[in-house]
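The structure appears below as structure tokens.
The values are calculated or read from the model by the stated rules, or taken from the named source; none is laboratory data. Model, not experiment: these values are computed from the prediction. FYI the Cβ positions are ideal-geometry reconstructions off the backbone, even for glycines, and counts take in every protein chain you see. For the accessible areas, the whole protein counts, side chains as well, though only heavy atoms, and no ligand, DNA or RNA atoms are used. Shrake-Rupley method; radii C 1.70, N 1.55, O 1.52, S 1.80 Å.
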Amino acid sequence: MSLHRRPLRLPALLAVLALAGCAPGGTEARVEPPPAPPAEVANLCAALHEKLPDQVAGLARSTTEPRSDLTAAWGGSAIVLRCGIPKPPKMSDPQQDGIHVNGVAWLLEQLDEEAGGGFRFTTGMRLAYTEVVVDKAHAKDAGMLVGLSAAVAGTVPEGIASY
């Protein structure tokens, strides 16, 4: 997948870039950590966990259950991050859409309505894969990736993850 040259399709771009108000969510979110990644990936995820912002898209950071350095959430489960996931199969699909935010490449997937709608963003070209799932109500503001991208860029080096 070439995230450097692949333009974002117009409907997806409009859906992601449209501005939306953000309602505050709960203070706790049930987030299942990914299967235990290799130690070097887990260490990168722990570093990322420490640098994640207190707010994303106007939503306060939530406590995750179970607690893990591999997970984070904002606004209850409105925005959920999981670090150290295995390589997503769609990462190899050259037809998938991608977006760059603050030097971080993200695979963009619109989730089916049966899955609740929204979007899943997954980092590419980093030594640890990180996914961010945004519920339908908050999936209209790509500005949320700004703070997350800064944290990823500062803690997860560029490269091809072997996991």
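Would region 136-149 turn up any residue that is under 16 Å from Asp69 (Cβ atoms) and open to solvent by less than 10 Å² (accessible area, probe 1.4 Å)? Within region 136-149 (the criterion being under 16 Å from Asp69 (Cβ atoms) and open to solvent by less than 10 Å² (accessible area, probe 1.4 Å)), the answer is yes, since at least one residue qualifies. Scoring Gly124 on the criteria (1) at pLDDT below 95; (2) open to solvent by 50 Å² or more (accessible area, probe 1.4 Å); (3) within 26 Å of Pro38 (Cβ to Cβ); (4) not hydrophobic (A, V, I, L, M, F, W, C) leaves a single failure, condition (2). Scanning region 35-76 for residues that are under 20 Å from Pro157 (Cα atoms) and of a type in the set (Gly, Ala, Ser) turns up Ala36, Ala39, Ala42, Ala46, Ala47, Ala72. Within region 30-59, being on the phi < 0 side of the Ramachandran plot and in a loop (DSSP other than H, G, I, E, B) holds for Val31, Glu32, Pro33, Pro34, Pro35, Ala36, Pro37, Pro38, Leu52, Pro53, Asp54.
Within region 29-52, the set of residues being of a type in the set (Lys, Arg) and touching a residue at least 60 places away in the same chain (Cβ under 8 Å) comprises just one member, Lys51.
Residue selection: Val133 fails the criterion of being out of contact with any Lys or Arg (no Cβ under 9 Å at 6 or more places or on another chain), open to solvent by 10 Å² or more (accessible area, probe 1.4 Å) and at pLDDT 95 or above.
I'd like the full set of residues that are among the β-branched types (Val, Ile, Thr) and surrounded by 20 or more Cβ atoms within 10 Å (Cβ to Cβ), limited to region 63-84.
Thr64, Thr71, Ile79, Val80
In region 95-116, which residues are over 20 Å from Ala72 (Cα atoms) and open to solvent by less than 10 Å² (accessible area, probe 1.4 Å)? Residue satisfying the conditions is Gly98 alone.
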